[in-house]
Each structure stands twice: as C-alpha cells, then as structure tokens.
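Below is one structure, written out as structure tokens; the observations come after it.
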Amino acid sequence: MTLLAEGTERLHSVTDQPRREAEILLGAALGRPRSWLLSHGEIVVADATAAERYRSNLVQRATGVPVAYVLGEKEFWSLPLRVGPGVLVPRPETELLVERALSRVPAGESRRLLDLGCGSGAIALALAHERPQTQVVGIDIEPRALAFSTANAQHLGLANVEFRTGHWFAPVSGERFDLIVANPPYIADDDPRVEPAVREHEPRGALYSGPSGLEALQAIVGGAPLQLEAGGWLLLEHGDRQGAQVRALLQHAGFAEVQTQRDLAGLERCTEGRWDETPRGA
C-alpha cells in the first residue's frame, strides 16, 4: 500500500476529503506542495524520516485535529499564516470579505481600517498587504490569537498593521475609521450543523455568539457608528441563514446602501452598509 493510500484510508472517518488531506500532509512531510504530488502520481517515499513525519501527522489528524493545526500553517489570500490551538482556522469563504473591503478602499489612498475579532490576523494582514498606504488596526479579546497575528505580521514584513487586545471597540475608543470589517462569532449555541471536530478543537469564543447567533453582530452594528467616519463602510461576515437579519440590523442603525453578497457556493455570506450621518427626516 502506498503512503497516500494508507493516509486516505486512515482519514476516511474524520473528513469527506481524505485523499486531498492525505496529499496535503504527505506534501508537507516531503517539503513539497500538493501540486507536486498530483503531477508525480503514486510516488514511493524512500526518506524514512519523511514517512515517519507523515504518519505522525496522520495520527493527529485522525483524532480530529484540523490539518492547519497539524501543520501549524494555513494559507489565506495567498499569504502563509501561522495558526494553532487558540485561534480560528481561516476559511476560504472569508476571502469574500477581503474582496468587498478592497472594493471600498481605493488603491494608493491613505485610509484607516479596523478588523474586529482579528484572530490570526488573516483579514487585517490581507488588507495591509494589498493596500500598503492604509493603516490597519486588528483587535481580539484573546491574547493567544494576538500572539499569532503579531507573529504573522512580523513574518510577512507588514509594518502598516498593528494589533490590540480588548473587547470589540474598547481599544479604539474615540478613534474613527474609514472602514470596519469583522468576521465575528455568529453561530447559535445550539446549532447542530457544526462539525464535531470544529467544536472540539477550535476556540469556542471565535465560533459561538450566544442563543441567537446574532449577539456579536448586534454589538458591532450598535457600536460602529461612533467609530466610523461619515461615509465609512461596515462589512460583516455572517451565517448563511442570517442575511436578512443582518440587513435589518444595519438599516435600523441608520446605514445606507445595505447589500448582501453571496459566496462561491451561492450562500449569503457578507453584508455591508455605508454609515450615513444625515439626521432622519432631514
């Protein structure tokens, strides 16, 4: 049995993509990208050390540990990010939030951007990388997450981003931003759709918001007007069944041009609005 076949068999019980994950883990053990494995077919690994490293990684993954935690790294927006226990693994669908934010921040212009609940720094770092003239602030209440985001910024050599510890807007009280972006916890406490491995290994505070799943979103929408420049934008990732509720929150708070974007799966994933300081009835 080849190493890939062995890995695929061992991972069947923890993932619906066992072959793909076995390829990722074997590629990492060999110091090669997964694309190299795909082009070399069923290779035979003569390096005993690499084979041992691969099998050790398989053991971890077979217990439900996320691949990103096993490898200590996750790519997001083509940036290699260090991740581990205590920080949410960046998801591909969150790149939609980065795309929408970039569409609201003209290239080459100075802007102040805020990322709430920044975790590993994925969103903040992607924005800082794509818009070097901006100043980006990332906030997270979890010190372990801030350790990852700070290390990632240093590793990527991005000097136009800083990270602060605190609850939502508390660390930036009195400051104003041109754009606020957030991928907050938005899962209801009793949501049965969450995978067991995610519940067991990823930080609960980054996933669950409360009984409704809207608690964090409500707090951010409620506090954003005091932190946004006139005409500034608030962009929020949310659950695939929360689009209508988030639009209502933004509209009730006085945001204009409220709209929801769908991800590649066609699910409502990101809602945005522009802060309008015009008094109602004016």
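Here, each number is a calculation from the coordinates, and none is a lab measurement. Keep in mind the model is a prediction, meaning the values are calculated, not measured. Positions of Cβ are backbone-derived with ideal geometry, glycine not excepted, and every protein chain shown enters the neighbour counts.
Close amide H pairs (under 5 Å, H built 1.01 Å from N) link G210 with D189, residues at least 5 positions away or on another chain. Per-residue Cβ neighbour counts within 10 Å put L30, L250 in the sequence L30, L250, beginning with the fewest.
Proximity of backbone amide H atoms, modeled 1.01 Å from N, is registered between G232 and W275 at under 5 Å, excluding neighbours fewer than 5 places apart on the same chain. Its alpha carbons give the chain an Rg and a Dmax of 20.5, 75 Å. Near F177, the amide H atoms lying under 5 Å from its own belong to L228, E229; only residues 5 or more places off or on other chains count, and H is placed 1.01 Å from N. Give, as a single signed number, the net charge of other residues whose beta carbon lies under 9 Å from the beta carbon of A265, with Lys and Arg counted +1 and Asp and Glu -1. Result for the local shell: -1.
Net charge of the neighbourhood of V105, taken over other residues with C-beta under 9 Å away and scored Lys/Arg +1, Asp/Glu -1, is 0. Remark: region 166-181, residue by residue, has Karplus-estimated 3J(HN,Hα) of x, 9, 6, 8, 4, x, 10, 3, x, 9, 10, 10, 7, 8, 10, 10 Hz, where x stands for each Gly or Pro and the curve is 6.51 cos²θ - 1.76 cosθ + 1.60 at θ = phi - 60°.
For the peptides 118-131, 203-216, residues were scored by their other Cβ atoms within 10 Å and the scores averaged per peptide; the highest-first order is 118-131, 203-216. Computed 3J(HN,Hα) for region 149-161, one whole-Hz value per residue from the Karplus formula 6.51 cos²θ - 1.76 cosθ + 1.60 where θ = phi - 60°, is 5, 5, 5, 5, 4, 5, 4, 7, x, 9, 9, 9, 9, glycine and proline marked x.
Given the DSSP H assignment, sum -39500 (n - 2.57) over each helix run of at least 4 residues in the chain and divide by its residue total; what's the result at 222 nm in deg cm²/dmol, nearest 500?
-11000 deg cm²/dmol
Against the main long axis of the alpha-carbon atoms of the chain, helix 243-253 sits at an angle near 30°.
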